[in-house]
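Enquirer: Let me give you the structure first, and then I'll get to my questions.
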Amino acid sequence: MTYALIVLLPLLGAILAGFFGAWLKDRGAQIVTCGLLVISALLSWLAFVEVIYGDGPVTVVLFSWIVSGDFDVSWALRIDQLTAVMLIVVTNVSALVHIYSVGYMAHDPSIPRFMSYLSLFTFAMLALVTADNFVQLYFGWEGVGLASYLLIGFWYDRPSANAAAIKAFVVNRVGDFGFALGIMGIFLVFGTVQMDPVFAAAPDFAGKTFNFLGYEVDILTTICLLLFLGAMGKSAQLGLHTWLPDAMEGPTPVSALIHAATMVTAGVFMLARCSPIFEYAPIALAVVTIVGASTAFFAATVGLVQNDIKRVIAYSTCSQLGYMFFAIGVSAYPAAIFHLFTHAFFKALLFLGSGSVIHAVSDEQDMRKMGGLWRHIKATYVLMWIGSLALAGVPFFAGYYSKDMILEASWAAGTGFGEYAYYLGIAAAVMTAFYSWRLLFMTFHGEPRADEQVMSHVHESPMVMLIPLVLLAIGAVFSGIAFSGAMIGHHWHDFWGDSIFVLDTNIAMDTAHDVPGWVKMLPIAAGLIGILIAYQFYIRRTDLPAAFARMHEPLYKFLLNKWYFDELYDLIFVRPAKWLGWILWKGGDGRIIDGFGPDGISGVVLRMAKRATTLQTGYVYHYAFAMLIGVAALVTYYLYLSVGGQ
């Protein structure tokens, strides 16, 4: 019953706030949704203790869901170690975001709708992480996509928000199509969508192929690549990443909940859940490594020059997700999930902290119009520092334990792909520290660049917003040191049990603790170098950024325009699609279908009617003449018949 309540309480909150918001009013909707999420979060901690340190994993079958012939799928809750960790992340961050939203959205006219959407998203995410079969997993997968669309486009009166919501929905459809094909492939090959039978049978299909267009293609590699395509879309990996920065059009609590801690990590969770399949598909793991490392590097380069405070953090999220993926690629699943765990706290802290800044400066998001704010919002300033220290991997904050473990495991993998990931990860670490402190220095230090009217209204956020930030800061400081030994230590097998599977030949996790000292020290040095460069650029020599941008203008524009991915996709996909649509609309639908169909028939009738009207002159002698002609024709016709009859 406890496990069911964890999942169903957010759904109950969404229903109450969504359908009875007019009766509950703003405060009632906030109390109901926040209260139920807090209960769900507390129950998640109980579940965590029970699964990790108590009776162990359990599967709870709630009801028979889909029955069609031999196809029988039940709705069941799979509560194992991996699920328990995800429950902590989802429910705790969501509960804090709900509470934070009470202050941040205080003046919004649609508070019940917003709180309902937040709770609906949380339910979908919980359905995803507790799934016991791939159909249920897909239900949660699409549920978070729907909720994301609703939340990104929450302010639907803004065209930019509508465009961002549609973009997120469409780009994710590309990945979700691959994910759906992967699930279909699993059913075709294994004859079931239940996870345990699939995972148990995966070794039997290792190395087996099927014929496709004359080529012998590995079965498990194909399935894993299709599943990874879904993860690429949901977790904004290189190629399907373009929706994530635009999604910042949604309210800041949405950015913290969806695009920092939960939905974007769904892809990481799904690959870790499917480790028993991926371990037998080394080519797929190599692809995951390359894409993840490339994403970490790419997103970090773009984050260097962004001026919107939320977009800087959004690209940081994209980069950190890249770390998680290349950890999975080298079979360091525990390191990936541990980084997911710690990242949820400090990235949600940074997003909500940026919301506190935006709240203080009258909804301004451009860092070039800030500066000198630390004297006015000291609590937010300190909390943003804590989040940045954790993100940069500074000892002994949470990010230090998780990100460094990923880099060490990449090196310890002993493969060329692992080294590729390690060195790109080091480069990304330098840039991460740089843009994090660039954000801090531009926002809080230097002379105020906002106008006097804005500066006169700068104020600290209310306690209902600061308390969630403080709790997240505690997680950003202590979650690494508290859980690193259990989750990624020498005895990580004891913590994760059977929820994560790693072949004995994949030794990255086991040998990561024994890498050379310089491998361990280089990430720390990278972070410090990035901080020092940012200090030189934005505190000591504030003229350097503009001079550097002028000196390297092509590179600056290349990064500022996000490697021109949007322009490239517009050229390759959007314009041809619009052109094809125009041709089919005007040529196919207009000229052919309508031309020969309803428009053509009605046009002929209209032309005949117009010609008929020319006979209606209004002159009596015309009508008399026509009648005489008619009589003559009629008489002639009868005479012809009578003569013919004789």
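The values are calculated or read from the model by the stated rules, or taken from the named source; none is laboratory data. Remember, it's a predicted structure, so these values are computed and weren't measured experimentally. Ideal geometry is used to build each Cβ from the backbone, glycine not excepted, and the neighbour counts take in all protein chains shown. The protein model used for the area step is the full one, side chains on, heavy atoms only, and it has no ligands, DNA or RNA in it. Shrake-Rupley method; radii C 1.70, N 1.55, O 1.52, S 1.80 Å.
Enquirer: Dipole magnitude of region 557-646 about its Cα centre, charges +1 at Lys/Arg Cβ and -1 at Asp/Glu Cβ only, in debye to the nearest 20?
Expert: Magnitude of the dipole: close to 180 debye.
Enquirer: Using alpha carbons only, how many degrees (0 to 90, rounded to 10) separate the axis of helix 159-190 from the longest principal axis of the chain?
Expert: For 159-190 against the chain, the angle is about 80 degrees.
Enquirer: Hey, what's region 446-579 come to in accessible area per residue, 1.4 Å probe, Å²?
Expert: 62
Enquirer: Grab the other residues whose beta carbon is less than 13 angstrom from that of F351, score K and R as +1, D and E as -1, and report the net.
Expert: Overall, the nearby charge balance is +2.
Enquirer: With Cβ to Cβ distances under 12 Å as the rule, what net charge do the other residues near L151 carry (K, R +1; D, E -1)?
Expert: Net local charge, L151 excluded: 0.
Enquirer: When the scattering of region 259-315 is computed by the Debye formula from its Cα atoms alone, each counted once and equally, what is log10 I(q)/I(0) at q = 0.21 Å⁻¹?
Expert: The calculated log intensity ratios at q = 0.21 Å⁻¹ are -0.89.
Enquirer: Excluding A332 itself, what net charge comes from residues whose Cβ is under 11 Å from its Cβ, given Lys and Arg +1 and Asp and Glu -1?
Expert: Once positives and negatives cancel, what remains is -2.
Enquirer: Measuring from a point 7 Å past the Cα of T542 along Cα-to-C-beta, which residues in region 381-407 have an amide N at less than 18 Å?
Expert: No residue passes the distance filter.
Enquirer: Kirkwood Rh over alpha-carbon pairs of region 541-646, then Stokes-Einstein at 10 °C and 1.306 mPa s: what D in µm² s⁻¹, rounded to an integer?
Expert: My calculation gives 72 µm²/s for D.
Enquirer: Also, I was wondering about something else. Given that just one value was derived from the coordinates, which of (1) 46.2; (2) 31.8; (3) 37.9 is mean projected area of the Cα convex hull in nm²?
Expert: (1)
Enquirer: What distance in nm separates the simple spin-label points at E553 and I524, each placed 7 Å from Cα in the Cβ direction?
Expert: Distance between label points: 4.4 nm.
Enquirer: Pairs of Cα atoms under 8 Å, at least six residues apart: use those to get the relative contact order of the chain, whole percent.
Expert: Here the relative contact order equals 12 percent.
Enquirer: Could you check the spin-label model distance between V67 and H459? Points 7 Å from the Cα along Cα→Cβ, value in nm.
Expert: Going by the 7 Å Cα→Cβ label model, 6.1 nm.
Enquirer: Shifting gears a bit: Calculate how steeply helix 333-360 sits against the longest principal axis of the alpha-carbon atoms of the chain, using the helix alpha-carbon long axis, and give the answer as 0 to 90 degrees to the nearest 10.
Expert: 80
Enquirer: Going by alpha carbons, how many degrees (0 to 90, nearest 10) lie between the helix axis of 463-488 and the longest principal axis of the chain?
Expert: In the chain, helix 463-488 runs at an angle near 70 degrees to the longest axis.
Enquirer: Also: So how much slack lies between D589 and D510, counting 0.36 nm per residue of separation and subtracting their Cα-Cα distance, in nm?
Expert: Here the segment from D589 to D510 would lengthen by 22.2 nm.
Enquirer: Once you put a point 7 Å from the Cα of R611 and another 7 Å from the Cα of V174, both along the Cβ direction, what distance in nm separates them?
Expert: A separation of 5.4 nm, rounded to one decimal place.
Enquirer: Rounded to a whole number, what % of the accessible area of region 369-441 do carbon and sulfur atoms account for, probe 1.4 Å?
Expert: Of all accessible area on region 369-441, carbon and sulfur atoms account for 69 percent.
Enquirer: Let me ask something else about it. In this model, which of K310/K378; K25/K167; K347/K378; K234/K310 are farther than 22 Å apart at the alpha-carbon?
Expert: Cα-Cα > 22 Å for K25/K167; rest within.
Enquirer: Over region 241-356, what percent of the accessible surface lies on carbon and sulfur atoms, probe 1.4 Å?
Expert: 70
Enquirer: If you take the beta carbon distance between L12 and A624 as r and set R0 to 60 Å, what does 1/(1 + (r/R0)^6) give as a FRET efficiency, to the nearest 0.05?
Expert: Given R0 = 60 Å and the Cβ-Cβ separation, E is 0.10.
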